[in-house]
Amino acid sequence: MLIRVASAACLLLSASAFAQDDALISEDAANTARELMQRGLESDTGYEVVRSLTTEVGPRLGGSEQEARARDWAVQMFTELGFENVRIEPFDMPYWDRGAIRASIVSPFPQPLYASALGGSAASPQGGIEGEFVFFDSFQDLYDFDGRLDGRIAYVNDRMVRLQNGGGYNTANEKRRFAWLEAEARGALGVMIRSVGTDSRRFPHTGMMSRPQPNTIETGRHSPIVVDYIESEYPDYAETGISSSIPAVALSAPDADQIERIHDTGETIIVSLSVVAGWRGQRQSGNVIAEIPGRELPDEIVLIGAHLDSWDEATGAVDDGAGVGIVTGAAHLISQLPRAPRRTIRVVLFGAEEVGLLGAFAYARQNAAETGNIVMASESDFGAGPVLSLTSGASEEGTLFMDEVQGIIAPLGILRGDRASRGGGPDIIPLAAQGVPVFRLMQDGTDYFDLHHTPDDTFDKIDPDDFAQNVAAWAAVVWLAADAEIEFRMQDE
Ligand code: ZN
Ligand code: ZN
């Protein structure tokens, strides 16, 4: 026992010696961070922001009237909270609309199915389609299938694995992103997938399909059959891009289980499907921006963001109303300090994230001249679960600085994660690709994909205590990064 006490005392001594001689964060700045954490745990400003957004605006699909209302809401909200330089940066985008859907089993056991069109899905022909199911256990099985699917409907069944860090998503999501093209290239009438999600509720999960876009080389994971199909049917795809010509929908997990049980009987399954989705021309979206100007280095920017748009079937509380509330709440706490941080804090609420990171690319394009001034960037877009770890991707000195930051926020239950991460959140991808340093407050995402992109993503799902822990952590990290003079950018970039 005596030994343990002694070693604890040694730790304390060495920690304080370290703080005096070598610390990158002053005791003064650290104390302010601790005060912000305390206020973050007590404040309900961010939580009320989410309540207001999800209640007064509701669903806000990228490019829709609802999303335009969300921008007006955000301008008013930022202004009332006392932020400066509040503005909208508009951009044009192609608009996809969901419309109505009807899906049912025709044979052998007639009954309705709960389904949702995937973003980018085409409409079915007038009167709908009816066809035999071709059952694929996984996207890989469809990818490897060397036969035709003419007159039939491809069905892809693979399940998502539930993991704390959401790591099951990318693999499970391949079928949402690419199955339509594998099915279409083989002549299918349509494609259905088991929803990309971890719940067992009767809510389908929507989400965007990927498509080879104009002027990009990267087209995704496609089989040789798809590559041949693109080359023969869309020789100019690099200029024109490709849109689906068949309906593509996700079934809720219990409906997918039902399909699986019927498939196991060996009976042929016939399904009917009517979808009225499609691309509806160009619309306007926009990013909403607000700032706390820096007191000494106003041109240097710590950029924090979330996305303002949501899927249309819910009020987008965990995706990404929570992020909007977390970064706004944290920045607002910092704005209430007696003096501003050295650097400017810029809050960006990105438009049209769900439909292809369109706001993120527009932001990077419209503010290209300024990218070099962004000293650090991060987005909150993984729900409202508690933060478990701090990751970062920065210079050597910046990484040591973030080690100290983690020491300060450790009482919130936050560990040090990856110290060489390139991830700052989806809307930060275009900036990180240009060498902007990033951090991330990694949340517990165990339950995130139960709600993600379903009609069940509503305000009641946010736990106020977990939410407050997020605000506390963001306020501390953003304050420390913005008040520092550390060069976070790597020298070779
Ligand atoms: Zn999101
Ligand atoms: Zn989303």
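The values are calculated or read from the model by the stated rules, or taken from the named source; none is laboratory data. This structure is a prediction, so every number in the text was calculated from the model and none was measured. Please note: Cβ atoms are built from the backbone with ideal geometry, for glycine as well, and neighbour counts cover all protein chains shown.
Within the range 348-356, is even one residue away from ligand 1 (no atom under 13 Å from the Cβ), outside any strand (DSSP E or B) and not polar (S, T, N, Q)? Quick ask: steps written out before the conclusion?
Our first condition is that a residue be away from ligand 1 (no atom under 13 Å from the Cβ); within the range 348-356, this holds for 348.
Going one step further and asking which of them are outside any strand (DSSP E or B), we end up with none.
No, that holds for no residue.
I'd like to check something: does the range 108-128 contain any residue that is polar (S, T, N, Q), surrounded by 15 or more Cβ atoms within 10 Å (Cβ to Cβ), in a loop (DSSP other than H, G, I, E, B) and touching a residue at least 12 places away in the same chain (Cβ under 8 Å)? Explain how you work it out, then say what you get.
Restricting attention to the range 108-128, the residues satisfying the condition of being polar (S, T, N, Q) are 111, 116, 121, 124, 126.
After this cut, where a residue has to be surrounded by 15 or more Cβ atoms within 10 Å (Cβ to Cβ) as well, the list is 116, 121, 124.
Those left that are additionally in a loop (DSSP other than H, G, I, E, B): 121, 124.
Imposing the further condition that a residue be touching a residue at least 12 places away in the same chain (Cβ under 8 Å) reduces the set to 121, 124.
Looking through the range 108-128, at least one residue is polar (S, T, N, Q), surrounded by 15 or more Cβ atoms within 10 Å (Cβ to Cβ), in a loop (DSSP other than H, G, I, E, B) and touching a residue at least 12 places away in the same chain (Cβ under 8 Å).
Does residue 341 satisfy the criteria of being more than 16 Å from ligand 1 (Cβ to nearest atom), buried (at least 24 other Cβ atoms within 10 Å of the Cβ), assigned by TED's automatic domain parsing to the domain that holds residue 88 and not aliphatic (A, V, I, L, M)? Spelling it out, residue 341 is indeed more than 16 Å from ligand 1 (Cβ to nearest atom), buried (at least 24 other Cβ atoms within 10 Å of the Cβ), assigned by TED's automatic domain parsing to the domain that holds residue 88 and not aliphatic (A, V, I, L, M).
Of all the numbered requirements in (1) surrounded by fewer than 22 Cβ atoms within 10 Å (Cβ to Cβ); (2) within 16 Å of ligand 2 (Cβ to nearest atom); (3) under 19 Å from residue 435 (Cα atoms), residue 360 misses one, and that requirement is (1). Screening residue 390 with (1) buried (at least 24 other Cβ atoms within 10 Å of the Cβ); (2) over 22 Å from residue 445 (Cβ atoms) gives one miss only, at (2). All conditions but one from (1) hydroxyl-bearing (Ser, Thr, Tyr); (2) touching a helix residue (DSSP H, G or I) at 6+ places or on another chain (Cβ under 8 Å); (3) part of a helix (DSSP H, G or I) apply to residue 378; the one that does not is (3).
All conditions but one from (1) among the polar types (S, T, N, Q); (2) assigned to a helix (DSSP H, G or I); (3) surrounded by fewer than 20 Cβ atoms within 10 Å (Cβ to Cβ) apply to residue 274; the one that does not is (2).
Considering the range 241-251, the residues that are surrounded by fewer than 24 Cβ atoms within 10 Å (Cβ to Cβ) and small (Gly, Ala, Ser) include one that is modelled with the lowest pLDDT, namely 241.
Residues checked against (1) of a type in the set (Gly, Ala, Ser); (2) modelled with pLDDT of 95 or more; (3) surrounded by fewer than 24 Cβ atoms within 10 Å (Cβ to Cβ):
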| site | (1), (2), (3) |
| --- | --- |
| 147 | yes, yes, yes |
| 150 | no, yes, yes |
| 184 | no, yes, yes |
| 200 | yes, yes, yes |
| 233 | no, no, yes |
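Residues that are among the β-branched types (Val, Ile, Thr) and in contact with a strand residue (DSSP E or B) (Cβ under 7 Å, 6 or more places away or on another chain): does the range 305-321 have at least one? No: zero hits. Is it the case, given these coordinates, that residue 309 is outside the structural domain of residue 117 (by TED's automatic domain parsing), in a helix (DSSP H, G or I) and either surrounded by 24 or more Cβ atoms within 10 Å (Cβ to Cβ) or among the basic types (Lys, Arg) (or both)? For residue 309, the condition - outside the structural domain of residue 117 (by TED's automatic domain parsing), in a helix (DSSP H, G or I) and either surrounded by 24 or more Cβ atoms within 10 Å (Cβ to Cβ) or among the basic types (Lys, Arg) (or both) - is not met.
The number of residues in the range 292-333 that are within 11 Å of ligand 2 (Cβ to nearest atom) and of a type in the set (A, V, I, L, M, F, W, C) comes to 3. Evaluated against (1) more than 17 Å from residue 438 (Cα to Cα); (2) away from ligand 2 (no atom under 16 Å from the Cβ), residue 345 falls short on exactly one condition, (1).
Count, please, the residues in the range 186-241 that happen to be within 16 Å of ligand 2 (Cβ to nearest atom), of a type in the set (Gly, Ala, Ser) and touching an Asp or Glu at 6+ places or on another chain (Cβ under 7 Å).
If we filter the range 186-241 for residues that are within 16 Å of ligand 2 (Cβ to nearest atom), which is where we start, we get 195-199, 203-210.
From the residues that got through so far, the ones that are of a type in the set (Gly, Ala, Ser) too are 195, 197, 207, 210.
Filter again for touching an Asp or Glu at 6+ places or on another chain (Cβ under 7 Å), leaving 197.
Of the residues in that region, 1 qualify.
Taking the conditions (1) in contact (Cβ under 8 Å) with a residue 12 or more places away in the chain; (2) exposed (fewer than 15 other Cβ atoms within 10 Å of the Cβ); (3) on the phi > 0 side of the Ramachandran plot in turn, residue 282 satisfies each one other than (3). When 159, 98, 87 are screened for being among the basic types (Lys, Arg), within 21 Å of residue 450 (Cα to Cα), out of contact with any Gly (no Cβ under 6 Å at 6 or more places or on another chain) and touching a residue at least 12 places away in the same chain (Cβ under 8 Å), only 159 passes. Being within 16 Å of ligand 2 (Cβ to nearest atom) and either out of contact with any helix residue (DSSP H, G or I) (no Cβ under 6 Å at 6 or more places or on another chain) or free of Cβ contacts under 8 Å to residues at least 60 places away in the same chain (or both) is a property that does not hold for residue 403.
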